[in-house]
Amino acid sequence: MSRSTGLQVLHPQGVDISRDASESCRKTRKEGKYVNNSRTRAAKVKAKEEKNEANRSVKRSIRADKRNYIETLETEVEEASNQNRTKDLYSITKR
């Protein structure tokens, strides 16, 4: 699992975040600034809704990236087991 250390999030080794996820993350941060800088209550509510939607899309894309990562590991394990490569099986399961 990933651990949060202040502003930086440490991801498990090998999990790559797609460009869509990183773009959505930047958008979420920008929306958070709009929430803090809004003066009227209506503007804050609108900015908060936009931020929540951007946050949902970030979570969805990261979940999809993790799912794809696990699927690739699964196919590697199947190939290694079919070819009786125990060293590769061990290294893949350690990831």
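We did not get these values from a lab; they are worked out from the coordinates using the rules stated. Note that this is a predicted model, so its numbers are computed, not measured. Cβ: placed from backbone, ideal geometry, glycine included. Neighbour counts: every protein chain shown.
Which aspartates and glutamates, if any, have their Cα less than 20 Å from the Cα of Lys46, not counting same-chain residues under 8 positions apart?
Result set, ordered by chain and number: Glu31.
Pull up the cross-link candidates among the aspartates and glutamates for Lys30, meaning alpha carbon to alpha carbon under 14 Å and not fewer than 8 places away within one chain.
Glu49, Glu50, Glu53
If you count, for each residue, the other Cβ atoms within 10 Å and average over each peptide, how do 48-59, 82-93 line up from highest to lowest?
Ranking, from highest mean packing down: 48-59, 82-93.
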